[in-house]
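Participant: Sending over a structure as structure tokens; questions will come in a sec.
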Amino acid sequence: MIKLLELNRKTFNYYREELNGNKNDSYSVAKRKMTRNMMLAQKQPKIELKKGEKYCYGSLHFLVVDNKVVWIKNRCSKPTGWIIDKNEYVELNEKLRIDGKSKNDLRKKDIKYFFKTNKSKLKYKLKTVFNK
């Protein structure tokens, strides 16, 4: 049995308002998702004068003190070299009973992101190929 994180009211409200696709999540779902995120996140070195642990789950950073999320911030810089383990993500969704993305959904998201971030390069290559 996985012990779920708790969230204080401020972090729960921030979670629902600032994280895409979580506006209607219940407190129970938010606890399960944040627990999954912590398990997949990159743990940061201890911060002086602060108790607890800082985690970075992509661009989502959060601080856990005594199994409670006490601070959360989205759209931060991603840790260098951090990559989500898609297999573990799907397994944790099943273990924590989170309705979520399958491996195929994650692959589609990767493909969409690739095209979104490389659109201008791809347009240029297509022009050079078809304009010969």
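The values are calculated or read from the model by the stated rules, or taken from the named source; none is laboratory data. Predicted, not measured: the structure shown is a model, and the values here were computed from it. Cβ placement follows ideal geometry from the backbone for every residue including glycine, while neighbour counts extend to all protein chains displayed.
Participant: Within the stretch 34-66, can you find the residues that are small (G, A, S) and on the phi < 0 side of the Ramachandran plot?
Facilitator: Within the stretch 34-66, A41, S59 qualify.
Participant: If you don't mind, another one. Of the conditions (1) assigned to a helix (DSSP H, G or I); (2) at pLDDT below 85; (3) among the hydrophobic types (A, V, I, L, M, F, W, C), V29 satisfies every one except a single condition; which number is it?
Facilitator: (2)
Participant: Output yes when any residue across the stretch 10-26 is among the basic types (K, R), surrounded by fewer than 18 Cβ atoms within 10 Å (Cβ to Cβ), modelled with pLDDT of 95 or more and over 22 Å from I98 (Cβ atoms), and no when none is.
Facilitator: Yes: the stretch 10-26 contains one or more residues that are among the basic types (K, R), surrounded by fewer than 18 Cβ atoms within 10 Å (Cβ to Cβ), modelled with pLDDT of 95 or more and over 22 Å from I98 (Cβ atoms).
Residue-by-condition table, conditions (1) in a helix (DSSP H, G or I); (2) more than 22 Å from I83 (Cα to Cα); (3) in contact (Cβ under 8 Å) with a residue 40 or more places away in the chain:
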site	(1), (2), (3)
I2	no, yes, yes
K10	yes, yes, no
Y14	yes, yes, yes
E17	yes, yes, no
N22	no, no, no
D25	no, yes, no
M34	yes, no, no
M38	yes, no, no
